[in-house]
Structure formats: structure tokens, C-alpha cells
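Asker: Dumping the structure here so I can ask a few things about it.
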Amino acid sequence: MAKPEADRVFFHGADGYTSYLTLEEAMDEGVFLACMVNGQVLPRGHGYTLRLVARGKYDGRWVKWLMRLEVK
């Protein structure tokens, strides 16, 4: 359970890359975790098995190979 003062969600990738969104941004309908693209399993080069997608945000913040979420 997140602490009441939590305001960010950190996304940690298997490659060591970490990015975050504010809690408000993370709850937006354009933010989701993808395991498929165009009806196919997400290719390894695109973040298999799980990738963050955040429409409207710079795609460098779209963490590939997602391993862990952390709410702070």
C-alpha cells in the first residue's frame, strides 16, 4: 500500500534504466503497461515482456523490459 504522501511512480527496467511519472500522470488513461503490440507478443527489442507506454510523454521515458514499480 502506498503512503498517503506518495506522489511518484518509479518504473525500473531490466537494463538498469529507471524513469518516473507523477502519481497523477501514472493514473492517466494514456498510461499503461504493454505486453503486446498490434495483436502480437511484444518483440524483445521493443521491451518484451513488459513495457511502459505513456502517451503524450517523451518516449525515452517509456521503460522497456519492466521489472519493478515503486510508488514513493
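Asker: Does Asp15 meet the test of being charged (D, E, K, R) and without any contact (Cβ under 8 Å) to a residue 60 or more places away in the chain?
Answerer: Considered against the rule, which asks whether it is charged (D, E, K, R) and without any contact (Cβ under 8 Å) to a residue 60 or more places away in the chain, Asp15 comes out as yes.
Asker: Taking the stretch 1-53 on its own, how many of its residues are over 11 Å from the mean Cα position of the chain (by Cα), among the small types (Gly, Ala, Ser) and surrounded by 11 or more Cβ atoms within 10 Å (Cβ to Cβ)?
Answerer: Looking only at that region, the number is 3.
Asker: When you scan the stretch 7-40, how many residues do you find that are of a type in the set (Gly, Ala, Ser) and within 12 Å of Leu69 (Cβ to Cβ)?
Answerer: 3
Asker: If you take the residues in the stretch 54-68 that are at pLDDT 95 or above and out of contact with any helix residue (DSSP H, G or I) (no Cβ under 9 Å at 6 or more places or on another chain), which one is surrounded by the most Cβ atoms within 10 Å (Cβ to Cβ)?
Answerer: Val63
Asker: In addition: Any idea which of (1) under 19 Å from Lys72 (Cβ atoms); (2) touching a Leu at 6+ places or on another chain (Cβ under 8 Å); (3) not hydroxyl-bearing (Ser, Thr, Tyr) is the one Arg51 doesn't satisfy?
Answerer: (1)
The values are calculated or read from the model by the stated rules, or taken from the named source; none is laboratory data. Predicted, not measured: the structure shown is a model, and the values here were computed from it. Methodologically, a virtual Cβ is constructed for each residue, glycine included, from the backbone with ideal geometry; neighbour enumeration extends over all protein chains shown.
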